[in-house]
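Report on the structure given below.
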Amino acid sequence: MTSEAASEPFPPDRTVLACVDTSLDAPRVLVHADAMARAFRIPLTLLRVIGPAPEANGLPDPVDWAIRRHEARKVLERLAASTWLSTVPDLALLEGVPGDEICRAARLQEAALVVMGTHCLSGHSSLSANVREVLERGEGRVLLVPLPDSSNEAPNYQRILVPLDGSCWSESVLSTAQRLAHATGAELVLVHVTTPPDSTSALPFEPEDIDLRQRFVKRDQCIARDYLQRMGDELIDQGLKVRTLVLLAADARSGLDEVMRDDAFDLVMLSAWGHGRTHISDLPYGNVVAYLAGHSPVPVLVTWPTHLQQSVSDGGSGSSRTVGSAFEW
């Protein structure tokens, strides 16, 4: 993708869909949605879904339903009038099962991005059921904002972590990362996690085994550095600030934890699929995405490489690289 294509705005009929509720965490979701709408130069829509109400004698109470609608509308209007918003958002109030309605609204509006709080809709520390529902549908782009964090300070995306595993699945996130980096001036940090080869023997390693294992690790890291260098050079040629990082860890999750602990990032961007897609093709996302969705201290933007689905159905492997990886996305 050329730098001009990466920096072009989305079509004007696309939107950023901010999913908010009545909790105090809604402003945190909204500030990130507003920042994304500003960066991508597309409209912002605030979405509130009223879930099914308890029914008496099998019938809904029309008075209670009208009150709930009125209160939800007031919440949306109050959020839309926030002085820290950079644009005047559209409002959408829907009724039904929240996860289903969010997905339906995203499809009907052809949303460029859906923004959700990871925990706010459920009110518990575990990942929201509605977030899991949207992720399992596996469509478009979803920005997951970690909560609770009630700050309404505008986010400043200056350092973005982009995990890559050498497959064209994982590389598909780069088009969105380029677009955002061009708009915000952010530095893209490309990271690849290598892992030591597994041993199927319960016996201790002999000296020659240890030497062979070290040679495998050194080879994998050398290949990974060359790979990230190629990826980084392409982005640098497009006027972007890029840094590359290769590290050794027991698995991808611990490796990414280490990276985020040692450096301050404002955002993580990654594809829902990686090398694991070639082995388990019926899952909408892999374990790295599942882990980051519930544990990342910073927002996580997940993309689905839908333009690659046809190549796999036609017999393609979905991977253009041979880099070893800990990722099973």
Counted residues, region 67-89 - those being under 17 Å from Val31 (Cβ atoms) and open to solvent by 40 Å² or more (accessible area, probe 1.4 Å): 7
Determine if region 179-189 includes at least one residue that is open to solvent by less than 20 Å² (accessible area, probe 1.4 Å) and at pLDDT below 95. no
Being in contact with a His (Cβ under 9 Å, 6 or more places away or on another chain), open to solvent by less than 10 Å² (accessible area, probe 1.4 Å), at pLDDT 90 or above and under 22 Å from Arg14 (Cβ atoms), is that true of even one residue in region 91-114? no
Quick check on region 250-286: of everything there that is modelled with pLDDT under 85 and in a helix (DSSP H, G or I), which residue is nearest to Val191 (Cα to Cα)? Asp262
Given the criterion of a type outside the set (A, V, I, L, M) and either in contact with a Cys (Cβ under 8 Å, 6 or more places away or on another chain) or within 30 Å of His182 (Cβ to Cβ) (or both), identify the matching residue among Pro52, Pro43. Pro43
Say whether the condition of being basic (Lys, Arg), modelled with pLDDT under 85, over 24 Å from the mean Cα position of the chain (by Cα) and surrounded by fewer than 20 Cβ atoms within 10 Å (Cβ to Cβ) is met by at least one residue in region 217-234. no
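The values are calculated or read from the model by the stated rules, or taken from the named source; none is laboratory data. Note that the coordinates shown come from a computational prediction; the quantities given were computed from them, not determined experimentally. FYI the Cβ positions are ideal-geometry reconstructions off the backbone, even for glycines, and counts take in every protein chain you see. For accessibility, only protein heavy atoms count, side chains too; no ligands or nucleic acids. Shrake-Rupley method; radii C 1.70, N 1.55, O 1.52, S 1.80 Å.
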